[in-house]
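So the structure is just underneath, and the comments pick up after that.
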Amino acid sequence: VSEEPESMCALDVGSACVKAVLLDRVGDSHRFVARGAAPQVAAVSPFKALSAGLLAALGDLEDNSGRRLRGTDDLPITPEQLGWGVDATAGTVSTGCLEVALASVADDAAGRCAEAALHSVPSHLALKITGREMRAHRDAFERFAEELRNHPPHVVILVGGYDRKPERAVVAGADALATAAALIRPQERPLLVYAGPQAFRPQVAAIVGERMAVHMVDNVAPDERHANPGPLAAELDALCLTAVGRDTPGMGLVHRWCGSAMSTVSRALMRVYNYPGVDVLAAEIGADYTVLARPAQAKALVQAGAGLGQGARALLDESGPRAIARWLPEGLDEKDVADWAMNKSLRPWLVAANPAERALELAFARECLAKAWRSARQAWSDDGRPQPTALPKADMLVIGGGLLARARSAADAATLLLDGLQPYGVCRIAYDTAGLGPALGSLVDVNPAAVRSVLEQDAIAVLGTVVAPAGQGKVGRGCLHVELAMPEGQSLVLDLEAGGITRVPLALGAKARAVIRPARPFDVGAGPGQTLEISLEGGSLGIIIDVRGRPLPDPESLPDRIATLQRWSAALQVPG
Amino acid sequence: VVTVPEAVIGSDCAYRERFPLPGPGRVVVSVGDMVTPAEIVGYVVERGRVGAIDVAAALRIPARRLHEFLLVKEGQSVRAGELLARRDGLLRPIEVRAPVDCRAMAFGDGVVLLEGFPSERPVRGVVPGRVVEVSAGEGLTVEGTGSLVLASHLMGHEFAGPVKMVAAQPERVLRVEHIDASCHGAVIVGGVGESIAALERAGEFGAQGVVLGSAPGEWANAALPVPVALTEGFGRAPMSRPAYELFDEMAGRVLYAMRRGRRCWLIGPHEGEGKVIFSGGDLATIAEGARVRIAAGEHTGAVGEVTVLSPASSEATIKLARSLVRIPVADCELLVG
């Protein structure tokens, strides 16, 4: 008899909605049984408790599943007893973000690594100071100390210096931070996370310990050549769950429900898409932010101000209406973009009610993905410097989020993924049809086999395989010669011209052998103009050959833009 | 049964709000006092500016020896010109003095951090009503009754004034010609916002604020000549009819527009039984027969009855005045009041 939990309830406490899902054994495997959902009114109304949405979502789940999950004290009934309750509960929380001040002794790799680590959690870098500014003890330090006092962050991070060649400047930095922290009321003082040279840990603890609690993590830049943002990122991830929303009414109940299996969305995605031997790049578009996770490389990114709820306004302000309006069909313009973003910031739980709103939602979602990838290029580089030409290339791309769970067709999901992330090379693409990714990620440690079963059977829909050469060419000029040996034995030869997108049906589970010959300067992963022989797997859309170019062209004139979008949509058979 | 947010539009609401001071301070009203949003109900402490003096550098000593030369203690108040630290020099002593009246708050890394003396900032903005509870130094609770609309958003500062209806219909666009000298000191209730010129005219005539059904999204980032409250949201949606009719009833009476989170509470206080208890916009469950307001799509602001509720498809069929519409349940709000 397995000792692993059989029935499980996972929560996804978001900043637009609260979702509760029930998983249980059905026959030989675990399956998704039911879900409940409720709007998160606490996101827009002050002093409203998070528990209101949580209890409403659980009530909805109880109605939908016919199973009582809560006791009279509103706490979970665990373990399952006579069909009541569940064996285990878990959840993700994505309300609020970690407020951070960063003190970096020098403007060097350590500071960049610390910022990269910050990108892996929902955080806001509210204050930043360098060692030189601290040592000068003038305006910048005065402003830093005053801001620290007026708006104490959750965490102050101190970095600087290599382990092999430690510099005492980091000790002076700790002294300066301790001095500034003395201005803060004791109950509001932040935690200091020290991620500098290990040799100075005792001194830093002695200097700062009286005024701030100190956590020590491995040096983010142990030497000149290596970056090590992982331990700091893990510490910040843990702090997100304990420090953020500490004083929010109702957070206590959320903690009681999730217990020790509480997770951030980024950590949950890292766990759920961790398939050994497969490089998965997963994207989750939320209300406040967009998360990218690449478990094979142990990299995650949380792009704040890029969401389809509260994050829509920040996205519009930063990217500008043009970047979003470029994806809109005829009849919608930049005014509609502004109206939609503002309304979603007021009522983030709203669902697109008509084709126009769906088009706006998809346009914002594309920019969410694009913005997140732009940030990942910088945050995920080995030395913290941006990689200007890198396009996403992975074995498999998966996107999820509330929008995808409501997607009207597989083609909608594919369009969003291809336009937003603009992957190149050959990769499989899929989407989370049920919006289960984060909730399942929180359950991975509870019952990994059950999570995998639900993920593969009830959540992920494989769209197919994309072949997308990097590079650009004149529209209509020869770009790609593809020979396909289809599973039924027939062969298919395609000569594709630049600027288009083509779909070749290939059922899920079927494979086709392909010889892909790009014309120079196009590159499908083997190098510019180099032939690639590869096996392609099918899916609901089959094989998608995307020769529109990378980066995608963006016609200036409105009629050209609309005609181009229509052509692309027709090729993928996106409903109008 | 499905859970949705409440849309409150009521002529006889009872409300109660716990109002915490936005920082450490004191409450200056007592239980039983009548208060309005314009009244000062307390004061919070605003701490002074921070200054740093690099005493170690000035005395030319290592930072670690700072304490040997300090003449003040942490937390000590000092007058401008008072000695902070001193070291004997070759010819004459080297002295460091306080530049202003302040407190020496912290020492470290060779530095003395100074903080100006605190001041008090008045606190306003409670709901109109009677104070029923005071927590010394923390906040107060106010109760009241009146007409109330839970509006979507407030752009600009909070405002108050007698209601002046200028829109003959809730879908009528607010235009320059609708505004005249009779709007002076009033809260103008229009239908749909379109042009900032109308707001400029309202400002010129001294209107306190404008209440509209909706307005263009660009207004959110614009410097508006008068503050604007929106009952529905952004776009071209008309004001929902129950809200419009309630404001019409309130013509000439004082309306307060108060920001609460991203929302705006529009309250016209009056004596009443308080038939509807308002707690800031809760979640509610709807079933077939419920009266709802539509919050998105081309029917935004429309009010109707749920005829079919389909949790499986997450859709609801709503009977409006002249049509049946099918919309996502998530876009419904239970109409309360």
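Of all residue pairs spaced 6 or more apart or on separate chains, those with beta-carbon atoms under 9 Å, a first member in segment A:452-470 that is assigned to a helix (DSSP H, G or I) and a second member that is among the acidic types (Asp, Glu) and at pLDDT 95 or above are A:Leu455/A:Asp432; A:Ala459/A:Asp432.
Filtering B:Leu113, B:Leu90 for residues that are out of contact with any Lys or Arg (no Cβ under 7 Å at 6 or more places or on another chain) and within 12 Å of B:Gly51 (Cβ to Cβ) leaves a single hit, B:Leu113. Scanning segment B:2-60 for residues that are within 14 Å of another protein chain (Cβ to nearest Cβ), out of contact with any Pro (no Cβ under 9 Å at 6 or more places or on another chain) and of a type in the set (D, E, K, R) yields B:Glu6, B:Arg16, B:Glu17, B:Arg18, B:Arg49, B:Asp54.
Note on segment A:83-95: residues that are touching a residue at least 24 places away in the same chain (Cβ under 8 Å) and not in a loop (DSSP other than H, G, I, E, B) total 6.
Being small (Gly, Ala, Ser) and either within 10 Å of chain B (Cβ to nearest Cβ) or in a helix (DSSP H, G or I) (or both) is the filter here, so list the residues in segment A:156-192 that pass it.
Start the filter on segment A:156-192 by keeping residues that are small (Gly, Ala, Ser), which leaves A:160-161, A:169, A:172-174, A:176, A:178, A:180-182.
Selection gives A:Ala169, A:Ala172, A:Gly173, A:Ala174, A:Ala176, A:Ala178, A:Ala180, A:Ala181, A:Ala182.
Screening A:Leu75 with (1) closer than 25 Å to A:Arg406 by Cα; (2) in contact with a helix residue (DSSP H, G or I) (Cβ under 7 Å, 6 or more places away or on another chain); (3) away from chain B (no Cβ under 12 Å) gives one miss only, at (1). If you go through segment A:253-291 and pick out every residue that is under 24 Å from A:Pro348 (Cα atoms) and without any contact (Cβ under 8 Å) to a residue 12 or more places away in the chain, you end up with 1. I want to confirm something. Restricting to segment A:56-87 and keeping residues that are under 29 Å from the mean Cα position of the chain (by Cα) and of a type in the set (A, V, I, L, M), which single residue is surrounded by the fewest Cβ atoms within 10 Å (Cβ to Cβ)? Result: A:Val86. Residues that are of a type outside the set (A, V, I, L, M), closer than 20 Å to A:Thr179 by Cβ and outside any strand (DSSP E or B) within segment B:71-95 comprise B:Lys73, B:Glu74, B:Gly75, listed in sequence order.
Counting the residues of segment B:96-123 that are out of contact with any Asp or Glu (no Cβ under 9 Å at 6 or more places or on another chain), exposed (fewer than 15 other Cβ atoms within 10 Å of the Cβ) and part of a strand (DSSP E or B) gives 1. Summed over segment A:538-557, residues that are loosely packed, with under 13 Cβ neighbours inside 10 Å and over 26 Å from the mean Cα position of the chain (by Cα) total 2.
Of the residues contained in segment A:97-107, one or more are found to be more than 28 Å from A:Gly435 (Cα to Cα), surrounded by 23 or more Cβ atoms within 10 Å (Cβ to Cβ) and among the β-branched types (Val, Ile, Thr). Any chance you could count how many residues in segment B:232-269 are within 12 Å of chain A (Cβ to nearest Cβ), more than 22 Å from the chain's Cα centre (by Cα) and free of Cβ contacts under 8 Å to residues at least 12 places away in the same chain? Going through segment B:232-269 one residue at a time, the tally reaches 0. A:Val41 passes every criterion in (1) closer than 19 Å to B:Cys332 by Cα; (2) in contact with a Lys or Arg (Cβ under 6 Å, 6 or more places away or on another chain); (3) more than 10 Å from every other protein chain (Cβ to nearest Cβ) apart from (3). Of the residues examined, B:Ala229 is not one that is within 14 Å of chain A (Cβ to nearest Cβ), in contact with a Phe, Trp or Tyr (Cβ under 7 Å, 6 or more places away or on another chain) and either over 28 Å from A:Pro46 (Cβ atoms) or surrounded by 18 or more Cβ atoms within 10 Å (Cβ to Cβ) (or both).
The set of residues from segment A:240-254 being exposed (fewer than 15 other Cβ atoms within 10 Å of the Cβ) and either in a helix (DSSP H, G or I) or of a type in the set (Gly, Ala, Ser) (or both) comprises A:Thr242, A:Gly252. Is it true that some residue in segment A:209-225 is under 17 Å from A:Leu54 (Cβ atoms) and without any contact (Cβ under 8 Å) to a residue 60 or more places away in the chain? No, segment A:209-225 contains no residue that is under 17 Å from A:Leu54 (Cβ atoms) and without any contact (Cβ under 8 Å) to a residue 60 or more places away in the chain.
Looking across segment A:45-72 at every residue that is of a type in the set (A, V, I, L, M) and in contact with a Ser or Thr (Cβ under 7 Å, 6 or more places away or on another chain), the one that is farthest from the other protein chains (Cβ to nearest Cβ) is identified as A:Leu50.
Tallying residues that are under 17 Å from A:Val171 (Cβ atoms) and part of a helix (DSSP H, G or I) within segment A:199-239 yields 10. Take the residues in segment B:124-144 that are crowded, with 23+ Cβ neighbours inside 10 Å and outside any loop (DSSP other than H, G, I, E, B); name whichever of them is farthest from the other protein chains (Cβ to nearest Cβ). Here the residue is B:Gly144.
One residue is enough: does segment B:311-332 have a residue meeting the conditions buried (at least 16 other Cβ atoms within 10 Å of the Cβ) and within 18 Å of B:Cys13 (Cα to Cα)? Within segment B:311-332, not a single residue is buried (at least 16 other Cβ atoms within 10 Å of the Cβ) and within 18 Å of B:Cys13 (Cα to Cα). Residues in segment B:99-118 that are within 14 Å of chain A (Cβ to nearest Cβ) and of a type outside the set (A, V, I, L, M, F, W, C): B:Pro99, B:Arg103, B:Gly108, B:Asp109, B:Gly110, B:Glu115, B:Gly116, B:Pro118.
Search segment B:208-226 for residues being of a type in the set (Val, Ile, Thr) and within 26 Å of B:Pro5 (Cα to Cα), and hand back the single one that is surrounded by the fewest Cβ atoms within 10 Å (Cβ to Cβ). Among those that are of a type in the set (Val, Ile, Thr) and within 26 Å of B:Pro5 (Cα to Cα), it is B:Val211. Screening segment A:315-339 for residues that are touching a residue at least 24 places away in the same chain (Cβ under 8 Å) and not aliphatic (A, V, I, L, M) and picking the one that is surrounded by the fewest Cβ atoms within 10 Å (Cβ to Cβ) gives A:Gly331. On the given criteria, is B:Gly81 in contact with a Lys or Arg (Cβ under 7 Å, 6 or more places away or on another chain), within 13 Å of another protein chain (Cβ to nearest Cβ), within 24 Å of B:Phe107 (Cβ to Cβ) and loosely packed, with under 14 Cβ neighbours inside 10 Å? The answer is no for B:Gly81.
The values are calculated or read from the model by the stated rules, or taken from the named source; none is laboratory data. All figures in this text were calculated on a predicted structure; none of them were measured in a lab. In this analysis, Cβ positions are derived from the backbone assuming ideal geometry, glycine residues included, and neighbour counts consider all displayed protein chains.
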